[in-house]
2 protein chains.
Amino acid sequence: MSAERRSFKREGADSRKEALIRATLALMADRGPSAATVRAIAEKAGITQGMIRHYFSSKEDLINAAYQTHMHGQTDAAKRAAGAGGTARNRLALVVRASVTPPVADPTALSLWAGFIHMVWRDPSMRATHEQTYLRYRDLLQSLIAEALAEAGRIVDADEARRFAIACNAVVDGLWLEAGALPDAFEEDELAYIALDSVAAILGLPLILDEQCEPDRENT
Amino acid sequence: MSAERRSFKREGADSRKEALIRATLALMADRGPSAATVRAIAEKAGITQGMIRHYFSSKEDLINAAYQTHMHGQTDAAKRAAGAGGTARNRLALVVRASVTPPVADPTALSLWAGFIHMVWRDPSMRATHEQTYLRYRDLLQSLIAEALAEAGRIVDADEARRFAIACNAVVDGLWLEAGALPDAFEEDELAYIALDSVAAILGLPLILDEQCEPDRENT
DNA sequence: CCCGTAATTATGCAAGCGTATAGTTATTGG
DNA sequence: CCAATAACTATACGCTTGCATAATTACGGG
C-alpha cells in the first residue's frame, strides 16, 4: 500500500553536484529564479531533495555555484571563439562577434543573468564573483585591444587602453543585452556587424573578420 | 488585551495606488523582488495588506504597474535632461550624459531593472511593456541622431539611422549597466566622457557639451 | 439624523518554501 | 563475511506566501 521506494542509485559527488547545478540553471532560465526551489531542483536532477543539503551547505550555496558556473561558461565561450592563432585584430573581432551572437547572447543567458544580478547586492560572496567575472572579461578585451593597436603601429598608454576597453565592453554588453531582450528585432548577423563597426569606430581601427583564417573548434 | 485597532484613514484611490507602487519599487530596489511581498508592501505604504487586492486585481498587476512607472521614470528623466532648446547635437549629448549618470544610472535602478527583467518572459503584458519602453528610448535616440547629423549637413537614410541608433543605444545601455553594477569602479564623470566619445566616434560627429565644455582627449 | 455604501482593517486558509532529521540501502575495510 | 560508514530517501516542522472573507469604520444622500 505504501508507494514503492525510489530506486537507490549511488553516484560520485562531482556528478551529483554538477547535476544539481545544471538543474538549477535550467529551472532559472526556464521559469525564473522563483521556480528554482529545492524540490524542483532535486526532481529535475533526478534525486530527492535531501541531497541538495548533503552536497551544499545551503540553497544559497548552490545558487552561488550555479552563478559561477554560468558566468565562467559565458566568458570561456567568448574566449574560445578567439582561437589561438591569427592576428590580435582578428582575434578581437572574433571575440566581439561571439559575445553578441548565440550561444553567448541569447534570451536564456540574459534571463539567467538577470535572475542572478539582484542577488549580488545582498550576498557579498556573489558580489565578489560578479566583480571578478566582470573585470576578467574586460581585461581580456583590453589586452586584445592593446595588442591589436600595437600591430597597427599605435602605442596607447594604460589609461587610454582602459578607456577603450570600457567603451568596447559597453558596446558589447549593450548589444548582448539587446540580443537577449529582443531576439526577434534583429537579423542574425546584424548585431555582429554593428558591434564590429562600433568597436572599429571607437578604436579607429578597421575590424574585418578574416573568414578563412577563422579558427575551428579543434583547439581544445 | 486585544491590540488597538489601526487608525482608520480614508484616502483617494490615486494616492493609494501611487503609495503602493512606490512601496513596491522601494522594496524591490532595496532587497530584491522576493522582498516585495504583499505584507511588506502594505506595511511600507502605511496600510493593511487587504488594500493591495482592493486597488489591484492581483499582486502581479501591481508589479506590472510598478514596472511601467519605473521605466517611464527612467526615460522621462533622460528626455528631460535634453531640455527644449539648443542644437540637436547638444541635446543628444545631454541625453547621452544623463543616461549614464545618476539618477538614471545607479545601482538601485539596475537592481530594479534586473528584478523586473526575468518576469518579462512569463507575463506577456510585461513583455509588451518592456518592448514598448525599450523601443521608445531608442526612437528618441534615433531622431536626435538624425537631426544632429542633418545639422552637420549629413543626410543618412532610415536604415543607417537605425543602425546608428542601435549602436549608440548599446553603448549607452552598456555603460548604464556598468555604472549600476560597479558604481565605485569609475570616476563620476568618466563614464559620461566615454559615452560621449564613443557615440561621437560611432557617428563620426564631435559631441561636446555646450554648458561646460571640458576639453578632453582627442578621439582617435 | 441616520442609514446604505464603499473603503479599510483584521483574520483565516491552503499551499509552498527551506531546513532538519529519522530511517533505509549500498559500499567497504578488516 | 560482516559491522561501520557514508550515501541516499522520506517525512515532518515551522514559517511565509498570496488570496479570500468577515468585521469595522467613515462618508454622503435622503
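The values are calculated or read from the model by the stated rules, or taken from the named source; none is laboratory data. As the structure is a prediction and not an experimental result, all values here were calculated from the model. We place every Cβ from the backbone using ideal geometry, glycine too, and count neighbours over all the protein chains shown. Surface areas here come from the heavy atoms of the whole protein model, side chains and all, with no ligands, DNA or RNA. Shrake-Rupley method; radii C 1.70, N 1.55, O 1.52, S 1.80 Å.
Identify, please: which residue in the stretch B:123-149 is of a type in the set (Asp, Glu) and within 12 Å of another protein chain (Cβ to nearest Cβ) and is, among those, nearest to B:His72 (Cα to Cα)?
B:Glu131
Are any residues in the stretch A:78-94 of a type in the set (A, V, I, L, M) and at pLDDT 90 or above, and if so, which ones?
Hits for the stretch A:78-94 are A:Ala78, A:Ala81, A:Ala88, A:Leu92, A:Ala93, A:Leu94.
Restricting to the stretch B:150-194, and then to whatever is under 21 Å from B:Thr87 (Cα atoms) and in a loop (DSSP other than H, G, I, E, B), can you tell me which residue is most open to solvent (accessible area, probe 1.4 Å)?
B:Ile155
Could you check the stretch B:186-206 and list, in sequence order, the residues that are more than 8 Å from chain A (Cβ to nearest Cβ), more than 20 Å from the chain's Cα centre (by Cα) and small (Gly, Ala, Ser)?
Result: B:Ala200, single match.
Could you give me the residue pairs with C-beta distances under 7 Å whose first residue belongs to the stretch A:179-193 and is within 17 Å of B:Arg136 (Cα to Cα), whose second residue is at pLDDT below 90 and surrounded by fewer than 16 Cβ atoms within 10 Å (Cβ to Cβ) wherever it lies, and which are 6+ apart or on separate chains?
Sorted first by the residue in the stretch A:179-193, then by its partner, the pairs are A:Leu182/B:Glu131.
Scan the stretch A:45-64 and report the pairs whose first residue is within 14 Å of chain B (Cβ to nearest Cβ) and whose second residue is of a type outside the set (S, T, N, Q) and within 8 Å of DNA strand C (Cβ to nearest atom), with Cβ atoms within less than 6 Å and a gap of 6+ or a chain change.
If the second residue must be of a type outside the set (S, T, N, Q) and within 8 Å of DNA strand C (Cβ to nearest atom), the pairs left are A:Lys59/A:Val38.
List the pairs whose first member sits in the stretch B:202-214 and is in a loop (DSSP other than H, G, I, E, B) and aliphatic (A, V, I, L, M), whose second member is open to solvent by 80 Å² or more (accessible area, probe 1.4 Å) and at pLDDT below 90, and whose Cβ atoms are under 9 Å apart, counting only residues at least 6 apart or on separate chains?
Hits for this filter: B:Ile208/B:Glu214; B:Ile208/B:Pro215.
For the stretch A:42-103, list the helices (runs of 4 or more DSSP H) that sit wholly inside it and hold at least 3 residues that are open to solvent by 30 Å² or more (accessible area, probe 1.4 Å), more than 18 Å from A:Arg136 (Cα to Cα) and not hydroxyl-bearing (Ser, Thr, Tyr); which are they?
Because the criterion is at least 3 residues that are open to solvent by 30 Å² or more (accessible area, probe 1.4 Å), more than 18 Å from A:Arg136 (Cα to Cα) and not hydroxyl-bearing (Ser, Thr, Tyr), the helices (runs of 4 or more DSSP H) in the stretch A:42-103 that meet it are A:50-55, A:59-82.
When only residues in the stretch A:28-39 that are within 10 Å of DNA strand C (Cβ to nearest atom) and open to solvent by less than 20 Å² (accessible area, probe 1.4 Å) count, which is nearest to the other protein chains (Cβ to nearest Cβ)?
My answer is A:Ala35.
Residue by residue through the stretch A:48-105, note down the ones that are within 16 Å of DNA strand D (Cβ to nearest atom) and in contact with a Ser or Thr (Cβ under 7 Å, 6 or more places away or on another chain).
A:Leu62
Could you check B:Asp197 against (1) open to solvent by less than 20 Å² (accessible area, probe 1.4 Å); (2) of a type outside the set (S, T, N, Q); (3) modelled with pLDDT of 90 or more and say which number it fails?
For B:Asp197, the failing item is (1).
Exactly one of these conditions fails for A:Ala152: (1) out of contact with any Leu (no Cβ under 8 Å at 6 or more places or on another chain); (2) more than 10 Å from chain B (Cβ to nearest Cβ). Give me its number.
(1)
I'd like the full set of residues that are open to solvent by less than 30 Å² (accessible area, probe 1.4 Å) and part of a helix (DSSP H, G or I), limited to the stretch B:108-121.
Residues satisfying the conditions are B:Ala109, B:Leu110, B:Ser111, B:Leu112, B:Trp113, B:Ala114, B:Gly115, B:Phe116, B:Ile117.
How many residues does the stretch A:157-169 contain that are in contact with a helix residue (DSSP H, G or I) (Cβ under 8 Å, 6 or more places away or on another chain) and away from chain B (no Cβ under 11 Å)? Break it down into steps so the answer makes sense when it comes.
Let us first name the residues in the stretch A:157-169 that are in contact with a helix residue (DSSP H, G or I) (Cβ under 8 Å, 6 or more places away or on another chain), namely A:161-169.
Filter again for away from chain B (no Cβ under 11 Å), leaving A:161.
Selection size over the stretch A:157-169: 1.
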